[in-house]
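Asks: Can you keep this structure in mind? I'll have questions shortly.
The values are calculated or read from the model by the stated rules, or taken from the named source; none is laboratory data. Just so it is clear, the structure is predicted and the values come from calculations on it, not from any experiment. We place every Cβ from the backbone using ideal geometry, glycine too, and count neighbours over all the protein chains shown. Side chains are part of the model used for accessible areas, which takes the heavy atoms of the whole protein and leaves out ligands, DNA and RNA. Shrake-Rupley method; radii C 1.70, N 1.55, O 1.52, S 1.80 Å.
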Amino acid sequence: MSTTTAAPAPATPAPAGPRPATPAKRRWGATVAGVLILCVMLFPLYWMLNTALQPESGLLEVAPVPHEVDLSGFTSAIREQGGHLLTSLAVAFGAVVICLAIAAPAAYGLAQFKLRGTRTIVFGTLITQMVPGIVIANALYSAYVDLGLVNSYFGLMLADASLGIPFAIVLMRSFMVAIPTEVIEAAEVDGAGRLRTFVQVVLPMSRNCLITAGLFSFLYAWSDFMFALTLNTTDDVKPVTLGIYQYIGAHVGDWGSVMAASVLSAIPAAVLLVLAQKYIAAGITGGSVK
C-alpha cells in the first residue's frame, strides 16, 4: 500500500509595511533636528548682534539682515560701559579665587576624611542653592552695613562667591572621592603632611574639576544682578549688569547701544567656555566612575 505525502502549503507572504529607517537616515534626521534646535536657541543672540549693528533703527524697525554695518553702537557701549566691564571682570575673578579657596578644602575633607554626617552636609549644601537670591541679598545687606562691606569690591566678590561655593563643593567632592587612597597614603609615607598632600598631590590631580568649578563660579558672578543691585548704593562698584540695567527705561531710544553692551558682556563668558570646553567635559564626568 502506497502513501502519498501532502505537499506543504506555500508560505503566506508577510504584509508589506514601512521599512525601518537605516542608521544613515536616523543620523541625518538627528542632525537636522539638532541644527533646527540650535538655530532656535541662537536666534536671540543673532538678533541682539543684528540690532547692535543697526543703532539708528528703532526696535521695531530693525531689518532682518543689516544692509550696512554701523559700529557706532559698540563705540558708545565701550565708552559708557568699558569701566563697568572691567569691574565685572575684577569681581568675577575675585569671586572665583574665593570660591575655590573655600570649596576645594571643604570638598577634600568631605571626600577623604571619615566624618560623621557627610551625606547630611552634602545634602544641606545642595539645599542652600534653593534659597531665593533676594532673601540672601537682604540678609547680607544688614550684615554688610555692620561690617562696612557695602559698596566695596571685596564685599561683592564675597557675595558672588557664595553663589558658586555649594556647586563647587558637590562637584569637587564627587571627583575627589574617586582619587585612590593609595596615592594619598604614598604621599604620607614619603613624609608629606595633610596640607602638603592636598596642595601637591590632590590639587594637580583635580585640575579638570577645579577648572570646571572655577568656570561655573565665574559665570555665576559674571551674570549676577541681585547682589550688585542690593549691596551697592553708589556708583563706586558697578558691574556691567547694572550698567545695562540703567540703559533700560520707559523711553529707551538707543537700543543699538543696549544690544552692543550686551554683546560685549557676553564675549568673556563665551571665550572662557570655548577655551575650557575639554576640561569641563572631563571635570563633570571625572567623578562618575572610579
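Asks: How about the stretch 57-150: which GluC sites (Glu not before Pro) there lie in a loop by DSSP and see at most 16 other Cβ atoms within 10 Å?
Replies: Listed in order of number, the matching sites are E61, E68.
Asks: Quick check on the stretch 33-128: what are the equivalent-ellipsoid semi-axes from the Cα gyration tensor, as sqrt(5λ), descending, whole Å?
Replies: Equivalent-ellipsoid dimensions as semi-axes: 46, 21, 10 Å.
Asks: Dipole magnitude of the chain about its Cα centre, charges +1 at Lys/Arg Cβ and -1 at Asp/Glu Cβ only, in debye to the nearest 20?
Replies: Here the chain has a charge dipole of around 1520 debye.
Asks: If each of N151 and A178 carries a label point 7 Å out from its Cα toward its Cβ, how far apart are those two points in nm?
Replies: My value for the distance between the label points is 4.9 nm.
Asks: Here's another thing I want to ask about it. Taking the Cα centre of the chain as the origin and placing charges on Cβ (Lys, Arg +1; Asp, Glu -1), which of Q246, F43, M130 is farthest toward the positive end of the dipole?
Replies: With unit charges placed on the Cβ atoms, the residue in question is M130.
Asks: Rank I267, L215, A139 by how far each Cα sits towards the positive end of the charge dipole of the stretch 72-289 (+1 on Lys, Arg Cβ; -1 on Asp, Glu Cβ) and give me just the farthest.
Replies: Positive-end residue among those listed: L215.
Asks: Which of the three applies to the chain, rounded, prolate or oblate, going by the alpha-carbon gyration tensor with a ≥ b ≥ c and a/c under 1.5 meaning rounded?
Replies: oblate
Asks: As a test of the formula, what do you get for the chain when each DSSP H run with n ≥ 4 contributes -39,500 (n - 2.57) and the sum is divided by the residue count, at 222 nm and rounded to the nearest 500 deg cm²/dmol?
Replies: Roughly -22000 deg cm²/dmol at 222 nm, from the helical runs in the chain.
Asks: Could you pull the Cα extents of the stretch 51-101 along its three principal axes, largest to smallest, in whole Å?
Replies: 50, 21, 16
Asks: How high is the FRET efficiency between M130 and E68 when r is their beta carbon distance and R₀ equals 41 Å, given to the nearest 0.05?
Replies: Once rounded, the FRET efficiency stands at 0.25.
Asks: Moving to a separate point now. Can you give the FRET efficiency to the nearest 0.05 for I267 and Q200, using r as the Cβ-Cβ distance and R₀ = 30 Å?
Replies: 0.25
Asks: Please say if the stretch 83-146 is rounded, prolate or oblate, where rounded means a/c under 1.5 for a ≥ b ≥ c the square roots of the C-alpha gyration tensor eigenvalues, and otherwise the choice is prolate for a/b larger than b/c and oblate otherwise?
Replies: Judged from the Cα gyration tensor, the stretch 83-146 comes out oblate (a/c at least 1.5, b/c at or above a/b).
Asks: Given the protein chains as shown and a 1.4 Å probe, how many square angstrom of K238 are accessible, to the nearest 10?
Replies: Accessible area, nearest 10 Å²: 20 Å².
Asks: Right, next: So if each residue of separation counts as 0.36 nm, and I subtract the Cα-Cα distance between E61 and R79, what length gain in nm does that give?
Replies: Residue separation times 0.36 nm, minus the Cα-Cα distance, leaves 4.0 nm.
Asks: Sort the stretch 114-198 into rounded, prolate or oblate with this rule: let a ≥ b ≥ c be the square roots of the eigenvalues of the Cα gyration tensor; rounded if a/c is under 1.5, and if a/c is not under 1.5, prolate when a/b is larger than b/c, oblate otherwise.
Replies: Since a/c reaches 1.5 and a/b is larger than b/c, the shape of the stretch 114-198 is classed as prolate.
Asks: For the stretch 53-111, state which chymotrypsin sites (Phe, Trp or Tyr not before Pro) are in a DSSP loop and have at most 13 other beta carbons lying within 10 Å of their beta carbon.
Replies: For chymotrypsin sites (Phe, Trp or Tyr not before Pro) across the stretch 53-111 that sit outside H, G, I, E and B with at most 13 neighbouring Cβ atoms in 10 Å, the list is empty.
Asks: Still on this structure: What FRET efficiency do you get for R26 and Q277 if R0 is 35 Å and r is their Cβ-Cβ distance, rounded to the nearest 0.05?
Replies: After rounding, the FRET efficiency stands at 0.85.
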